[in-house]
Structures are given as C-alpha cells and as structure tokens.
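First, the structure itself, so that you have it in front of you.
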Amino acid sequence: MLLKTKILSSIGLVILFQNSYSLELSLPKQYSVKYFHNFGNIDGFVQIPRGGKDGSSSIRRPEFDEMGIDNIDYPEIELKAKWEKISIYAASKYITFDGNKTIDNDLITHNTYIPKNTKFDSSHEYTSYIFGAEYDYILSTKFKITPLVEFLIADFDYKFTGTIPNGNSISSRRTFGWTSFRLGIASTYSFNEIYKLKLQFKAALPVSKIKKEFNLALINSFNLYKNGKNELNLLAGIEYENFEFRDSQDEMQNFMKHTITPIYKIGLEYLF
C-alpha cells in the first residue's frame, strides 16, 4: 500500500511538472507570506484506547459536544516561493481547543473509567506541517487553473483531567503522529486589479490510516497596496473540512472523526 502511495504521488509530481523544463536553477521571481485565522464549528469524536486493547475506550466517544467543545478558532500560515508558473511552499496549521464539562454518561477513554457527573477537562491538538508544489495553467489574462501536490506531517495530542464524584482525580495523555499525501486543484479568477476569487479543493489519498480527509475553500482577495512586485492583500473566505483517521491495531483502533463547518477565514497575504 505504501508503494502504491509513492507511485501515485510520483505520477502526480510528473504531471504537475510536465512543463517545468523551462525552470532553470535561479532564484524565485517572487515570495509570499500568508496568514489566516479561522473560526469554525466542530462536530465529531475521539475514540482513544490504550495499547489497542478491546474495551479500553467507549465506542466513538467521547464526542466533542459532551466535552463542552463546539466553536473553535486556530491559526494557519504559509510561506511560498514562486518562479514563472511553478511554486513551492511550506505551511502549518495548528488546531487546538479545550473543553470543560460535567460528563452526563459513564465513559471509558484511554483505559480510564470516568463515571457520570465527573468534572471533565480535555485538551486537543491537531498540528499539521505541509510541504507542497503547484503549477499554474494560464487559460486567459483573468483565469488560471492550479493543480497541486502536498506531503503532510501531522501530530495529535489528547489529554484530560477530571474530578470524579468521590473527589478523586483522574488524568491521562495520548500522543501520536502520521503522514499523508494530498492532491488538489485550485481555480482563480481576477475580476480586476483589486479583486480576485479563488476556489480550492484538496483531498488526501485514502490509504493507510487516513480514511478520509478533504477541504473545500472559497477565498476572496482584495488588494490593499501594490508597488512593483510588492503587494498586500486582504483575504476573507469560507471553508469546509472533513477528516477521518483510523489506525490498524487489531482489537481496538485509535479512531478520530470530525467535520468543521462552516469555517470563516480572515487573513493577510504579503508578496515581495
């Protein structure tokens, strides 16, 4: 399966750079820094057993709403180098959120029994480091299509503390990581020198532990300043994220699933 993933990714890279013969060993024509802050509503669960042991976690629990988690916000940053039509970039997304709620029903998570009426505090981190490349197909002076390929490294951190009804304290923590390849495509239409609209779709190859992962985003870009290749743009948009992870432990798997929708995005982009 891993070999198949590498072959598919290699094919994607070949297709992406089939016209890159014109790219010479030279400095990029332009650099850019992009920052988004995202605000969204999350729904889902984290099933975290201990050592893959059957019965060490409730099925598809705890859910985010029973942990007091609903609305979240998180940062996202991207650094890009661009030649004529080819760009390479590195990005990071740091989704972190906390919950605090009294548990209404008995729960088992990470082999810890948590009776109902326990005051339960939880912390969740999904950190992604993304390395990608893209190629612009210029269809007109106003419109372009941009296929892309990405390699993602992700870290997950789940920890909780609580005070059960008899006054005793409980706590535990679980961390692990994974990697994935993503393919995507974007279309950008420039209405004028001030305003352009971008529609982008990305999806992970459904192999290994990643069962489903895709993002769909619509981004408005408003130019605030331009002088030569120096440019400052205000970004605002909306996004949808769907994620499903399940590892291969025999008895019981780490199983995480969530949707974040809608995600409202606001940010700045500086080109130089």
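Laboratory data are not the source of any read-out in this text; all were calculated from the coordinates shown. Just so we're clear, the structure is a prediction, and the values are computed from it rather than from any experiment. Glycine also receives a Cβ, built like all others from the backbone with ideal geometry; neighbour counts cover every protein chain displayed.
Reachable aspartates and glutamates from Lys34, Cα under 14 Å, same-chain residues fewer than 8 places away excluded?
Result set, ordered by chain and number: Glu76, Glu78, Glu231, Glu269.
Let me know the volume per residue of the alpha-carbon convex hull for segment 35-124, in Å³.
Convex hull of Cα atoms, per residue: 126 Å³.
Okay, moving on. Please list the equivalent ellipsoid semi-axes of segment 42-86, computed as the square roots of five times the alpha-carbon gyration tensor eigenvalues, in descending order and whole angstrom.
38, 18, 8
Can you give the angle from 0 to 90° between the axis of helix 2-16 and the longest principal axis of the chain, with both taken from C-alpha atoms, to the nearest 10?
30 degrees
What does the charge count around Ile103 come to, taking other residues whose C-beta lies under 14 Å from its C-beta (Lys +1, Arg +1, Asp -1, Glu -1)?
Taking every other residue near Ile103 into account, the sum is -2.
Please compute P(r) over all alpha-carbon pairs of segment 63-169, binned at 10 Å starting from zero, and give each bin as a whole-number percent.
All Cα pairs considered, the percentages come to 12, 30, 21, 16, 12, 8, 2.
Along Cα→Cβ, 7 Å out, is where each label goes; now give me the distance between the ones at Asp70 and Ile238 in nm to one decimal.
Placing both labels 7 Å along Cα→Cβ, they lie 2.0 nm apart.
While we're here: First select every other residue whose beta carbon is under 14 angstrom from the beta carbon of Gln47; then total the charges, Lys and Arg +1, Asp and Glu -1.
Summing Lys and Arg as +1 and Asp and Glu as -1 gives +3.
Put one equal scatterer on each alpha carbon of the chain, apply the Debye formula with no solvent term, and list log10 I(q)/I(0) at q = 0.12 1/Å to two decimals.
At q = 0.12 Å⁻¹ the computed log10 ratios are -0.81.
Per residue Cα convex hull volume for segment 124-272, in cubic angstrom?
Hull volume normalised by residue count: 150 Å³.
So what is the relative contact order for segment 129-220, in percent, with contacts set as C-alpha pairs under 8 Å and at least six apart?
Relative contact order comes out at 22 percent.
Also, I was wondering about something else. Which value, in debye to the nearest 20, describes the size of the charge dipole of the chain about its Cα centre when Lys and Arg Cβ atoms bear +1, Asp and Glu Cβ atoms bear -1, and nothing else is charged?
Its charge dipole is roughly 620 debye.
Additional query: With 30 Å as the limit, write out which pairs from Lys80/Lys101; Lys93/Lys226; Lys85/Lys211; Lys80/Lys226; Lys80/Lys265; Lys53/Lys265 have Cα-Cα distances beyond it, or answer none.
Lys80/Lys101; Lys85/Lys211; Lys53/Lys265
I would also like to ask the following. Of Ser56, Asn166, Ile72, which is farthest towards the positive pole of the chain's charge dipole, taken about the Cα centre with +1 and -1 on the beta-carbons of Lys, Arg and Asp, Glu respectively?
It is Ile72, whose Cα lies furthest towards the positive end.
Can you show me the helix-derived [θ] at 222 nm for the chain, built from DSSP H runs with n ≥ 4 at -39,500 (n - 2.57) apiece and divided by the number of residues, rounded to the nearest 500.
-2000 deg cm²/dmol
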